[in-house]
Structures are given as structure tokens and as C-alpha cells.
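These notes are about the structure you will find just below.
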Amino acid sequence: MDKVEEKAPTRMLSVGKTNVLSHVNPRPKGAVAGVTLMEMIIVVMLLSLMIGITYPALTSGIETLRLNSAAAAVAGFLNAAVNRAERRGQAVEIIVTRQQNTIRLAAAEPGFERVLTMPDGVAIEAVLPQQPVLDEGPRQFLMLPGSLAPRMGVVLLGRRGDRRTVRLNPISGAPQIDKGAPQ
């Protein structure tokens, strides 16, 4: 009788070819699986380098996003004042306080008062139009029904020195957001 040799099982590759050496253990006997200290240090250094490069870009993006959302909130707040004056036929007072970093709406209707506080990292730098006399008190604007919106604006300052100017268009009454300092 002829003896039939048994062959070790072979694995099929994805393209249909067989790999005869796939069952051979490439690690010498007695070797322990793992990573060396040097390999771990290199990986940690590469990760630290990547984080160090991307961190300023991420924080810059977050600060810009915070400033843009604050400008949009101010624009929406001023738009609410224009709508209330026109639709309800009530005079609306807009009070901008730089020291408290707030904008407040008040109307003759009892109990109506809305306050918008700027988020952390965003400050009210100036209220437009600039007054010839430096006055640190609150600035007040009156929105009358059926009349033009007051010519006013608020300059917002971010932590990195970026600015957004939110103005009320006196003709249309619509708020506009401009990048940078006012001209």
C-alpha cells in the first residue's frame, strides 16, 4: 500500500490563489508579542506633534464660530425689536450696556423685557454711531412704529481681536453683519 502524505491546510487568498506559507509562525520560539519602549515613545511623540500642530487651528475655529454666532444673535435680537415695533405698533427701546456686555429690549407693554448677554470670549467693543464725548453709560435707541429704524450698530470683539459689526439698515430696518471694524 502506498502511503498518502497529508498536506497542511492552505488558506485561500481573496483572488483565489493559495498561500502555502500562511500556516508558518513567523515569530521565533520563545518570543513575546508586544511593542518595545522605543516604539511606544515614537508613537507618543508623533501623536503629540500632530496635536500640537492642529490645536491652534481648532481653537481659532471655535473662537470664530463663537463670534459669528454672537453676531447672529445680536442681528436676530435687533430684528425682533424692529418686528415688535412694526407688528404690535409699540415703541421699543434698545439699550446697549458695554460694561455689562448686554443688549436689552423694553416696550410699553407691561412685563415685556428681553435681555441678550454676550457669551464668554465676546465683548461689546463699541456702539455706533460713536459719540463725540466719551460716555461709558448705556446707549439707548428708540424704535418707533411706522418710522425708519435708527441708524445704529454694535461692534463685537472676540478674544483673538476679530471683530463683527452688526448694523441696522435705516431704510429697510434689516440688520447686517460686517466683518472687521466699522469704517
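A short reminder: the numbers here are calculations on the coordinates, not readings from a lab. All values derive from a computational prediction rather than experimental measurement. Every residue, glycine as well, gets a Cβ built from its backbone with ideal geometry; the counts of neighbours run over all protein chains shown.
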Per-pair calculated FRET efficiency, R0 = 30 Å: residue 120 and residue 46 via Cβ, rounded to 0.05
0.35
Residues 135, 178 arranged by fewest to most Cβ contacts within 10 Å
135, 178
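Would you mind getting me the FRET efficiency between residue 65 and residue 112? Use the beta-carbon distance for r and R0 = 45 Å, nearest 0.05. Before the final figure, lay out each step's value.
Numbers: r = 31 Å, r/R0 = 0.69.
The formula returns an efficiency of 0.90 here.
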So between residue 144 and residue 99, what do we pick up on full extension, going 0.36 nm a residue minus the alpha carbon distance?
13.6 nm
At q = 0.09, 0.10, 0.14, 0.21 Å⁻¹, base-10 log of I(q)/I(0) for region 38-179 (Debye sum, equal scatterers on each alpha carbon):
-0.36, -0.42, -0.68, -1.25
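Provide the packing ranking of 124-133, 48-57, 165-174, i.e. peptides ordered by the mean count of other C-beta atoms within 10 Å per residue, highest first.
165-174, 124-133, 48-57
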